[in-house]
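Encoded as structure tokens, the structure appears first; notes follow it.
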Amino acid sequence: MLALTELGQRLRQERESKGLSLEDLQKLTKIQKRYLLGIEEGNYEVMPGKFYVRAFIKQYCEAIGLDTDAIFEEYKSDIPSTQTEDMPQQLSRVRSRKEIPQHTKGVSKAYDYLPTVLVVAGVVVVGIIIWVIAQNIVSDKNKEQANQEAPNSEVQQSNTQEETNETTAKNDNSKSEDEQSAADKKEQEKEKAAKEKAEKEKAEKEKKDSGKQEYKEVQKTGRSATYALSGTDAFNLEVTSTQADTWLDVKNGKGNAFFSSILKKGETKEFDLTKETEARVNIGYSPGVELKVNGKAVDLPFDSSKQVRQVVTIQYQPAEAQ
């Protein structure tokens, strides 16, 4: 194993402090594990090209929450500058006609007999179709004759049976309608009770949340932004990742961590921060991440296509304290 460079050692220590394995980092950055290991060991020869080195290091830093510009400046002696490489010459895979195997010539002779074979097969198919049609015609005539010779008693018996079935069906329908009417009445009463309960709960909630919630931007700098939450007696935060796994770190103003790990794709984490005055949300991979404050969606401060890592600080002042 190669000796770690100062940059590689710094990156590995930061990754391990976050509780991330190389497999976890591979999922976050979409960079192959062997390239990530090459960055930590300073073995840039394993990269597909020198121009990939800087891009991979930048993605590595953003995934574990490090400032890319500061890292590149501090360890510029460990990071190679971008260089242009010649692309390997593409080799032709087209074979000349002389390379085509000679045994295919025999196949062309077989095609000379193909028209004759097709004509014979067509005649056989037509004959089979005519025979099937003739059999169906004979069968239909036999059925028609048998129906005409059937005794009238069978018709009368059938009519009597139909009348009996109709009487039974009417009785069953009458009984079913009574049962259905009772079931419908019970269902209507249940729906009415549920509606009244929902309206009551809504009224209580509106009374409780009589204050108007405000979520205002205070300042922006670099990749960080601060917001002020007021006009409410609750501070509930929801974080959802819809596109890919992301590193998520949620702390209060005193630095105590509520969550510091990978948020899986499609996963939602909820935090009750009502007793806190400040919360700091560090998002390692912001594309597809959604934030909700007290059930209301709020926008991320920066365009996620331009600023992958974002830090959002929310300062909270309860309505009753205002």
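The values are calculated or read from the model by the stated rules, or taken from the named source; none is laboratory data. Note that the structure is predicted; figures quoted are calculated from it, not measured. Heads up, the Cβs are rebuilt from the backbone with ideal geometry, glycines too, and the neighbour counts pull from every protein chain shown. Please note that ligands, DNA and RNA were not included when accessible areas were found on the heavy atoms of the full protein model with its side chains. Shrake-Rupley method; radii C 1.70, N 1.55, O 1.52, S 1.80 Å.
For every residue, the table says whether it meets (1) of a type outside the set (Val, Ile, Thr); (2) surrounded by 15 or more Cβ atoms within 10 Å (Cβ to Cβ); (3) in contact with a helix residue (DSSP H, G or I) (Cβ under 6 Å, 6 or more places away or on another chain).
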site: Arg223; (1), (2), (3): yes, yes, no
site: Tyr227; (1), (2), (3): yes, yes, no
site: Asp233; (1), (2), (3): yes, yes, yes
site: Leu237; (1), (2), (3): yes, yes, no
site: Gly253; (1), (2), (3): yes, no, no
site: Gly266; (1), (2), (3): yes, no, no
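Might you check whether a residue that is part of a strand (DSSP E or B) and either in contact (Cβ under 8 Å) with a residue 24 or more places away in the chain or under 23 Å from the mean Cα position of the chain (by Cα) (or both) occurs anywhere in region 303-311? Checked region 303-311: at least one residue is part of a strand (DSSP E or B) and either in contact (Cβ under 8 Å) with a residue 24 or more places away in the chain or under 23 Å from the mean Cα position of the chain (by Cα) (or both).
One line per residue, one yes/no per condition, for (1) under 17 Å from Leu66 (Cα atoms); (2) in contact with a Lys or Arg (Cβ under 8 Å, 6 or more places away or on another chain); (3) assigned to a strand (DSSP E or B):
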position: Ala234; (1), (2), (3): no, no, no
position: Ala244; (1), (2), (3): no, yes, no
position: Val250; (1), (2), (3): yes, yes, yes
position: Gly266; (1), (2), (3): no, no, no
position: Phe271; (1), (2), (3): no, no, yes
position: Glu276; (1), (2), (3): no, no, no
position: Ala279; (1), (2), (3): no, yes, yes
position: Tyr285; (1), (2), (3): yes, yes, no
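The rows are residues; the columns are (1) of a type in the set (Val, Ile, Thr); (2) within 25 Å of Cys61 (Cβ to Cβ).
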| position | (1), (2) |
| --- | --- |
| Val218 | yes, no |
| Arg223 | no, yes |
| Gly231 | no, no |
| Ala234 | no, no |
| Phe259 | no, yes |
| Val293 | yes, no |
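Filtering region 193-212 for residues that are touching a strand residue (DSSP E or B) at 6+ places or on another chain (Cβ under 9 Å), of a type outside the set (A, V, I, L, M, F, W, C), modelled with pLDDT of 85 or more and under 26 Å from Thr277 (Cα atoms) leaves an empty set.
In contact with a Lys or Arg (Cβ under 8 Å, 6 or more places away or on another chain), of a type in the set (Phe, Trp, Tyr) and surrounded by 13 or more Cβ atoms within 10 Å (Cβ to Cβ) - does that describe any residue in region 302-313? Yes, there is a match, as at least one residue in region 302-313 is in contact with a Lys or Arg (Cβ under 8 Å, 6 or more places away or on another chain), of a type in the set (Phe, Trp, Tyr) and surrounded by 13 or more Cβ atoms within 10 Å (Cβ to Cβ). Within region 31-62, being open to solvent by less than 10 Å² (accessible area, probe 1.4 Å) and among the hydrophobic types (A, V, I, L, M, F, W, C) holds for Ile31, Leu36, Ile39, Val53, Ile57, Cys61. Among the numbered conditions (1) exposed (fewer than 14 other Cβ atoms within 10 Å of the Cβ); (2) in contact (Cβ under 8 Å) with a residue 24 or more places away in the chain, the only one that Asp299 does not meet is (2).
Which of the helices (runs of 4 or more DSSP H) found entirely inside region 13-128 contain at least 1 residues meeting this: more than 27 Å from Leu263 (Cβ to Cβ) and at pLDDT 90 or above? So that I can check it myself, show each step before the final result.
Details: elements: 22-29, 33-41, 50-64, 68-74, 105-110.
Counting at least 1 such residues, we get 33-41, 50-64, 68-74.
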